[in-house]
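Enquirer: Please see the structure below; I have some questions.
The values are calculated or read from the model by the stated rules, or taken from the named source; none is laboratory data. Being a predicted model, the structure only gives us computed values, none of them experimental. Cβ placement follows ideal geometry from the backbone for every residue including glycine, while neighbour counts extend to all protein chains displayed.
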Amino acid sequence: MATRKRTPSAATSTDPVTEYAREVVAGTRIAGPHVRAQCARHLADLEHGAARGLVWDLDAALKAIGFYKDILRLNGGDFEDQPFLLLPWQKFVVGSIYGWKTDDGYRRFRVAYVETAKGSGKSPLAAGFGMKGLVADGEARAEVYAAATKKDQAMILFRDAVAMHDQSPELKKRLTKSGVGEKAWNLAYLQTGSFFRPISSDDGQSGPRPHVALIDEYHEHKTSTVLEMMRAGTKSRRQALIFIITNSGASRKSPCWNQHEYATKVASGELENDAFFAYVCALDEDDDPFESEECWPKANPSLQDANLPGYKYIREQVTEARGMPSKEAIVRRLNFCQWTDAESPWISHEVWKSAKLEYDVESLRGRRAVGALDLSSTTDLTGMVFLVEPVEEGEPWKLVPFAWLPDADLERRAQQDMVPYVEWVAEGLLHTTPGRAISKRVILQKLSAMCDFFEIIAMGYDRWRIEDLLQMAADDGISLPSMEPFGQGYKDMSPALETFETMLLNGEIAHNGHKVLTMCAGNAVTDQDGAGNRKLDKEKATGRIDVMVAAVMAAGLINATAQEAKSFWE
């Protein structure tokens, strides 16, 4: 470990990187679980890293931090033309990446992933990495890129770099800018034959050999093409750096989610990769940012040391989201690093969580229920859901869901959907049918068994796929409850959605945390016609929603069968 020296100011550490890590691990500085893990990793590497060829170069860390203060300038509003004084979390990121080396003298970290809430200062931080890679990294013919899928997106981060050039006397002396104002497209350091420019996958360019590649807003990338293009080009560079910055995303099927998951596992030590740096902001599992402000700095690390983006702004966002449920998912994702299952999910995480109630399905035997079946054609998820009528005043209707997938290629499908289907089968939450397509006979047998378990008043179904099942029942002499066709268009689904929403918000529906149903609830999004009618939209959903479709159909039958299935108090 490097020797620490005293400084004149008690508030200033000679090793701000290690000081930050110690404060986070000790709990004197607020941080989320993944940042705590990365800080613990730093401290452990100081103690044991030498055995793996890791070297902590404090002078290199301090020099990089000093580059921001001495050379770079901020821009915009109150920060226009101000020196770039790194905040403690930014010093940890910059110092870690430049301070950690391998025993050959080159940088240890070749990929860095930084995920924080919006407005934390990620973009100028990344632009600074680009500038240092361009002029102060000792790399001949360095290629530095602001990379994105679209040129307009790549230009956002590049404009931060151009503004730094325009306001820094040192950079203006050394760099040659091509283009004027918003049209600037290249910064050249002629002394070393180096350049910094935006690049995108739609440019049709091939063969970039980046020394530093900055990838902005990775959660917006639909594929990993840009990242893989940059990674492939670093093969000939001894200490190339891929620096990824992002907000949290709205899809667990995205390349960004893959990086997020990988980063958290590396930080925690579950996976070992000495060349990967992770700074992933997140709340702890029990934190609710809508209930307490104390957890806000876990997602917004700048809040503890500067008013960025500021408590006032976040309070305004939370207040609006409370009165506008459609905005809640966006606020949670952008301001609190909470990954959502859809851009604008139909049911908010908070509402769904509040409807959870512990109950044993066996205790509901013999009660009256309405049900619905969303039968898949071949390989999709099949959902069957029952809404069980209460027997005591104030008791909610209880959801009892069932779900099936074909058992062939289940592991491959789990990897493709990034959903733990195999584990859910082992837990008894997901059922499988033999072969590569859903067996309607297995579904029919379960429906028949549930007729003995509940007093089923009515059973809704999507008429598109039901004929084979009904014919099987007739051929086998299986008695079914009153089967009600249920349209999937706006006419039938819109009132059913309203019924389900109203009951859910009024505490009249409860679920027992069934994981497949919860997944479908999180994935569900709605589509709306010109008259304001809504339906669940499988095309827009970020994942499977079939079990929730069945739940909504069942709710729609409550009103449709009101005369027959009277409430208990009547």
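Enquirer: In segment 474-506, what residues are of a type in the set (A, V, I, L, M, F, W, C), in a helix (DSSP H, G or I) and surrounded by fewer than 19 Cβ atoms within 10 Å (Cβ to Cβ)?
Expert: Passing the criteria: 474, 503, 505.
Enquirer: Also, quick follow-up: Looking at (1) assigned to a loop (DSSP other than H, G, I, E, B); (2) over 24 Å from the mean Cα position of the chain (by Cα), find the lone condition where residue 129 falls short.
Expert: For residue 129, the exception is condition (1).
Enquirer: Can we say residue 172 is part of a helix (DSSP H, G or I) and farther than 22 Å from residue 220 by Cβ?
Expert: yes
Enquirer: Please specify each residue of segment 356-386 satisfying the condition of being surrounded by 15 or more Cβ atoms within 10 Å (Cβ to Cβ), among the charged types (D, E, K, R) and either part of a loop (DSSP other than H, G, I, E, B) or free of Cβ contacts under 8 Å to residues at least 60 places away in the same chain (or both).
Expert: The answer is 367, 380.
Enquirer: I want to confirm something. Restricting to segment 295-328 and keeping residues that are modelled with pLDDT of 85 or more and basic (Lys, Arg), which single residue is surrounded by the most Cβ atoms within 10 Å (Cβ to Cβ)?
Expert: Out of the qualifying residues, it is 298.
Enquirer: Looking at 209, 237, 231, which is the one that is at pLDDT 90 or above, within 21 Å of residue 194 (Cα to Cα), in contact with a helix residue (DSSP H, G or I) (Cβ under 9 Å, 6 or more places away or on another chain) and surrounded by fewer than 22 Cβ atoms within 10 Å (Cβ to Cβ)?
Expert: The unique qualifying residue is 209.
Enquirer: Just one of 412, 436 is loosely packed, with under 15 Cβ neighbours inside 10 Å and touching a residue at least 12 places away in the same chain (Cβ under 8 Å); which is it?
Expert: 436
Enquirer: Related question: Looking for something more than 24 Å from residue 94 (Cβ to Cβ), of a type outside the set (Gly, Ala, Ser), in contact with a helix residue (DSSP H, G or I) (Cβ under 9 Å, 6 or more places away or on another chain) and modelled with pLDDT under 90 - is there at least one such residue anywhere in segment 161-178?
Expert: no
Enquirer: Still on this structure, I have one more. Please go through segment 449-469 and give me each residue that is in a helix (DSSP H, G or I), buried (at least 16 other Cβ atoms within 10 Å of the Cβ) and either among the aromatic types (Phe, Trp, Tyr) or in contact with a helix residue (DSSP H, G or I) (Cβ under 9 Å, 6 or more places away or on another chain) (or both), ordered by number.
Expert: Correct list: 453, 465, 469.
Enquirer: If I ask for residues that are part of a helix (DSSP H, G or I) and of a type in the set (S, T, N, Q), which ones from segment 427-448 would you list?
Expert: 445, 448 - these are the residues of segment 427-448 that are part of a helix (DSSP H, G or I) and of a type in the set (S, T, N, Q).
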